[in-house]
Amino acid sequence: MKHFIIILSALFLVACKKDKETGSGSSSKDSLTIVKDSAKTNAASGKILVETFPFPKEIKECSCYFAKSKEDFVAEKYIYADDAGKTAYMKLDGKRLAMNLISSSDMEVEDQLSKEIENGDYKISVKGKKIKSEETLLFEGTLTIEKPDGTVITLPVYGECGC
């Protein structure tokens, strides 16, 4: 009987120790980490991910560039930039895109800004009103992005156009 109690106690101690090593209170970490791809998550949920990016190196002279707010603009967190004529740049759904401008208003004549951009995946419209005119023209407005599946988002924009 004495041997039975010793063996039972030994089994109980081993079982308790093993439970502590694999239990939730353990400080060891699991080697498996699951990382969600935000671009795929947004595409599957019907949303459009608009990311900030630095000023494009491709733009050498005249340009328009916008951020979501005045604070982001000052911090150079741009969501849209174009070379004032041919190419617009954005980072959408995890991809940096260079897209052809379809139309653009003459900002010197009007106090309004209007730009249309299209590619196979997005139709983008930028509309704004001039709020200040100095060396560059300062604008506030909206940027609307549409996808062929009917997804539409509209964001406020703040930025400038000039040479």
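Observations on the structure shown:
- Sparse packing (at most 14 other Cβ atoms within 10 Å of the Cβ) combined with a DSSP loop state is found for the following GluC sites (Glu not before Pro) in the range 119-162: Glu134, Glu135.
- When each of Lys68/Lys95; Lys70/Lys91; Lys95/Lys132; Lys86/Lys129 is checked by Cα-Cα distance, pairs over 25 Å: Lys95/Lys132
- Gain upon complete extension [Ile59, Asp149; 0.36 nm per residue less C-alpha separation]: 29.3 nm
- With a simple spin-label model that places each label point 7 Å from the Cα along the Cα-to-Cβ direction, the separation between Cys163 and Thr142 comes to 3.2 nm.
- Within the range 47-129, GluC sites (Glu not before Pro) in DSSP loop having at most 11 other beta-carbon neighbours inside 10 Å: Glu58, Glu61, Glu108, Glu110
- If you sort Leu155, Leu113 by accessible surface, 1.4 Å probe, largest first, the order is Leu155, Leu113.
- Segment Glu71-Ala98, extension gain: residue separation times 0.36 nm, minus the distance between their alpha carbons: 7.2 nm
The values are calculated or read from the model by the stated rules, or taken from the named source; none is laboratory data. Predicted model, so just to flag it, every value in this text is computed and none were measured. FYI the Cβ positions are ideal-geometry reconstructions off the backbone, even for glycines, and counts take in every protein chain you see. Surface areas here come from the heavy atoms of the whole protein model, side chains and all, with no ligands, DNA or RNA. Shrake-Rupley method; radii C 1.70, N 1.55, O 1.52, S 1.80 Å.
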